[in-house]
Every structure is written in structure tokens, then in C-alpha cells.
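Trainee: Before we start, here is the structure in question, set down as C-alpha cells.
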Amino acid sequence: MTSLNDLPLRDNLRGLVPYGAPQLHVPVALNVNENTHLIPEAVAHDIVASLARAILTVNRYPDREFTELRENLAVYLGHGLTPENIWAANGSNEVIQQVLQAFGGPGRSVLGFSPTYSMYQILASGTGTDWIAGERDADYELSPETAVEWVRKTNPSLVFLCSPNNPTGTPLSLETIAAVYDATDGIVLVDEAYAEFAADGEASALTLLEGRPRLLVSRTMSKAFAFAGARVGYLAADPAVTDAMRLVRLPYHLSALTQAAANAALAHTPEMLAMVDDIRVQRDRIVIELQNLGYAPHRSGSNFVLFGGVDDPKATFQALLDQGVLIRDIGIPNHLRVSAGTEAETTAFLSALAGLRVAPGAAE
């Protein structure tokens, strides 16, 4: 049997492990930060009708410039953005990969702040870009001073800022983003995959785009729009950046079906986002109940909660799984992460956790 070690694999890929979380069929799956709410039935019917119309044209290549989708995304984002500011791809991961293809590569580096989204390092390796793991402040926060210090001492070609941060849920201030931009001549990408779950009144990095041509803000329809299976990610930036994306994209990289589904979903934005408030309620409920159980949840601006105080994460993970509840062991000592699901799913998680004898302060 041939193994990876028998193949002429690139040296910088040897020893790496593919990205992935357990894909298990369980009653309550809260491990990959999905939006577990179903798309409203009426909206689903409209999306199916849009797909049916698109399927009649699949003998032809799709709109290479995905013009209608860029127009709809610009309207959704607002902030004076035009279609020329918008780029889209098959999930925000592909968007970030294209950014690295255009601005990274051999001899260049990207700075991130660990712990953060593990795909950043994997995408960096895949594009031959050196990964620099900066450090965070206490409780996984990131102050302007700490971020700028890392930028100045490493001089990266790119800086990735996850806002709010995955896997910790930590919000990121606009002051930190602006300070990083001013401290570097490179590309600064702010990954706002969970932006819609932020507290009311919390400003997006989109407000910083004007006058900052090296600032990029990436988003996804996977989370708030409950569209993870459709794979639609997008980016807002100076038009020169979207021109750079055209240099590295594959021909016709967004299928006609993807474009049709995304456009139909965006036409129903209010209905699609109606579930966001409920998810935030469940997230805040998780935080309160975890505290009551003696755990130490971190503040979260996302649709998930990272919590510490777990004596044995692997045992707790397995005990919950034995009860049909799947959460995430992300490898941070004494921590686990759980996505905020529906009210019923959240109740199932909290009830299962409360019943575990390994909970801090529980009777032995």
C-alpha cells in the first residue's frame, strides 16, 4: 500500500494533517459552528425554483464575473460598497486561498494570532507562504499594542485577523485593526465569518475600508445565512484587490447553480437572518449556564462558546458523545467548544453536561 511518504510530496507539506472535524451522525451536532436552524420552507422553494431555471442553462459556462451576485452582495453589505468592491468564491476558505495566491507565496509570510482558525496555516502551507504564529493577550484578547508589536518584529507580507476569533469567539476592536494596518505595508485581511452574531451596535471592519486599499474584509453565507452546504464566501475590498483575485482564480470558478442559490437566498435576507437573534439568545444562555455549572466560558461575539475549567476534555467530549451530543475538542488544554444551536439542541447539551460527574464542583 502506497503512503504519502512514498510520494514526491513537497517538503513543506510533509507531516501535515488535513483539516477536519468528526463527521458523526448524532442527534445533536454542535461541533462545527453551523447554523443548525433550517432554511424557511417558503425561501427554500424559491431557491429551488431559481436552481431549476439555472439548470436549463448549464450547457453554457456561468457568468465568469458573477455580476448579479456581486451586485446583491454589495447591497447586502451597504457601507457605500459597489459591485467593483466585491469578490466571491466557493466558501470564504477559497477566498482566503486566492488572497494568499495573489499576495503570498514562497519568500513571503502571513502573521496570525494563535489560537485562531486552523485553516489559515493549512492554506499558507498550500501556497508556500510562511506562517507566523503571533501570541494573544490574556483570555485570548488582542490589543492594538500586542498586535503592532508582532507586526513590527516579524514584518509579514500579510496579516490575518479573525473577528470574532475562531475558535475562541473573542471580538476584535476596530482600534486593533486600524493599528495593524498603519503598522504594515502588507495586506491586512479581517475574517468576519461570524460578524452577523456580534452585539447590537458593534461596528464592522467594513467601516474602515475607505482610504485603506490594502484592507480586505471576508465574509461567508455559511453561518448567519444557514448556507454552509452551498459554499459561498465573499470579500469586500478596493477594486484593485478584486482585480488581483482575477489573476489567480480558476476559470468560471463559481458555478451557475451556486450563483443562482446565493442570489435567491439574498433576495430573502430578512427571513434568512431572522434566526440570528435566536442563536444569540442561545449563545448567551450557554454562557450563563456554563458559569452556573462551574465552567469558565470566554466572551463570545460568534455563534459558539469556548469554555475552560474542563478537567479532562477528552473524557467530557466522549461522555457527551455517548449521550448523542457532539461538541468540539480543539486541543486547548482544559477547554472545549460548543456551537449555539436551536433551543432544543442547546437544552440537550446543557442537560447532558449538567449530568456529568466530571463537571467542576460536582459530587464525586
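Trainee: For residues that are over 17 Å from the mean Cα position of the chain (by Cα) and closer than 17 Å to Arg337 by Cα, scanning just region 11-25, find the one that is modelled with the lowest pLDDT.
Mentor: Only one residue tops the list, namely Pro22.
Trainee: Could you list, ordered by first residue, the pairs with Cβ atoms under 8 Å in which the first is in region 257-272 and over 16 Å from Thr220 (Cβ atoms) and the second is outside any helix (DSSP H, G or I), at least 6 apart or interchain?
Mentor: Pairs that qualify, where the first residue is over 16 Å from Thr220 (Cβ atoms) and the partner is outside any helix (DSSP H, G or I), are Leu257/Val58; His268/Pro40; Glu271/Pro40.
Trainee: Counting just the residues of region 119-149 that are among the aromatic types (Phe, Trp, Tyr) and in contact with a helix residue (DSSP H, G or I) (Cβ under 9 Å, 6 or more places away or on another chain), which one comes out least open to solvent (accessible area, probe 1.4 Å)? Steps first, answer last, please.
Mentor: If we filter region 119-149 for residues that are among the aromatic types (Phe, Trp, Tyr), which is where we start, we get 120, 131, 140.
Then keep just the ones that are in contact with a helix residue (DSSP H, G or I) (Cβ under 9 Å, 6 or more places away or on another chain); that gives 120, 131.
Working: Tyr120: 1, Trp131: 55 Å².
Among those that are among the aromatic types (Phe, Trp, Tyr) and in contact with a helix residue (DSSP H, G or I) (Cβ under 9 Å, 6 or more places away or on another chain), it is Tyr120.
Trainee: Which ones in region 1-28 are in a loop (DSSP other than H, G, I, E, B) and in contact with a strand residue (DSSP E or B) (Cβ under 8 Å, 6 or more places away or on another chain)?
Mentor: Here is the first cut: in region 1-28, the ones in a loop (DSSP other than H, G, I, E, B) are 1-3, 7-10, 14-27.
Correct list: Ala21, Pro22, Leu24, Val26, Pro27.
Trainee: Then there's this: Give the residues of region 285-301 that are of a type outside the set (Lys, Arg), within 26 Å of Leu273 (Cα to Cα) and in contact (Cβ under 8 Å) with a residue 60 or more places away in the chain, sorted by residue number.
Mentor: If we filter region 285-301 for residues that are of a type outside the set (Lys, Arg), which is where we start, we get 286-298, 300-301.
Now narrow it down to the ones that are within 26 Å of Leu273 (Cα to Cα): 286-289, 297-298, 300-301.
Result: Ile286, Glu289, His298, Ser300, Gly301.
Trainee: Further question: Please indicate, with yes or no, whether at least one residue in region 29-44 is outside any helix (DSSP H, G or I), within 17 Å of Arg246 (Cα to Cα) and in contact (Cβ under 8 Å) with a residue 60 or more places away in the chain. Break it down into steps so the answer makes sense when it comes.
Mentor: Of all residues in region 29-44, those outside any helix (DSSP H, G or I) come to 29-40.
Filter once more, so that each one left must be within 17 Å of Arg246 (Cα to Cα): none.
Among the residues of region 29-44, not one is outside any helix (DSSP H, G or I), within 17 Å of Arg246 (Cα to Cα) and in contact (Cβ under 8 Å) with a residue 60 or more places away in the chain, which makes the answer no.
Trainee: Turning to a different aspect of this structure: Could you list all residues from region 121-144 that are outside any loop (DSSP other than H, G, I, E, B) and within 27 Å of Val305 (Cβ to Cβ)?
Mentor: Going residue by residue through region 121-144, those that are outside any loop (DSSP other than H, G, I, E, B) are 121-126, 130-135, 138-140, 144.
Passing the criteria: Gln121, Ile122, Leu123, Trp131, Ala133, Gly134, Glu135, Ala138, Asp139, Tyr140, Pro144.
Trainee: Within the bounds of region 322-344, is there any residue that is in a helix (DSSP H, G or I) and touching a strand residue (DSSP E or B) at 6+ places or on another chain (Cβ under 9 Å)?
Mentor: Yes: region 322-344 contains one or more residues that are in a helix (DSSP H, G or I) and touching a strand residue (DSSP E or B) at 6+ places or on another chain (Cβ under 9 Å).
Trainee: Please enumerate the residues belonging to region 254-293 that are touching a strand residue (DSSP E or B) at 6+ places or on another chain (Cβ under 7 Å) and surrounded by 17 or more Cβ atoms within 10 Å (Cβ to Cβ). Walk me through it before giving the result.
Mentor: Step one: of region 254-293, the residues touching a strand residue (DSSP E or B) at 6+ places or on another chain (Cβ under 7 Å) are 254, 283, 286-287, 290-291.
Those that are touching a strand residue (DSSP E or B) at 6+ places or on another chain (Cβ under 7 Å) and surrounded by 17 or more Cβ atoms within 10 Å (Cβ to Cβ): Leu254, Arg283, Ile286, Val287, Leu290.
Trainee: I want to confirm something. Restricting to region 62-111 and keeping residues that are under 27 Å from Asn166 (Cα atoms) and among the charged types (D, E, K, R), which single residue is surrounded by the most Cβ atoms within 10 Å (Cβ to Cβ)?
Mentor: Only one residue tops the list, namely Arg70.
Trainee: Now, a different point. Inspect all residues belonging to region 302-321 and state whether any of them is touching a residue at least 60 places away in the same chain (Cβ under 8 Å), in a helix (DSSP H, G or I) and surrounded by fewer than 21 Cβ atoms within 10 Å (Cβ to Cβ). Step through it out loud before you land on a result.
Mentor: If we filter region 302-321 for residues that are touching a residue at least 60 places away in the same chain (Cβ under 8 Å), which is where we start, we get 302-306, 321.
Subsequent filtering for residues that are in a helix (DSSP H, G or I) retains 321.
Then keep just the ones that are surrounded by fewer than 21 Cβ atoms within 10 Å (Cβ to Cβ); that gives 321.
Yes, region 302-321 contains a residue that is touching a residue at least 60 places away in the same chain (Cβ under 8 Å), in a helix (DSSP H, G or I) and surrounded by fewer than 21 Cβ atoms within 10 Å (Cβ to Cβ).
Trainee: Can you tell me how many residues within region 322-355 are open to solvent by 10 Å² or more (accessible area, probe 1.4 Å), of a type in the set (A, V, I, L, M, F, W, C), closer than 20 Å to His25 by Cα and modelled with pLDDT of 95 or more?
Mentor: 3
Trainee: Moving on to the next point. Among (1) open to solvent by 20 Å² or more (accessible area, probe 1.4 Å); (2) more than 18 Å from Ala224 (Cβ to Cβ), which single condition is Ala54 missing?
Mentor: All conditions are met except number (1).
The values are calculated or read from the model by the stated rules, or taken from the named source; none is laboratory data. Just so it is clear, the structure is predicted and the values come from calculations on it, not from any experiment. Glycine also receives a Cβ, built like all others from the backbone with ideal geometry; neighbour counts cover every protein chain displayed. Note: areas computed on protein heavy atoms with side chains; ligands, DNA, RNA excluded. Shrake-Rupley method; radii C 1.70, N 1.55, O 1.52, S 1.80 Å.
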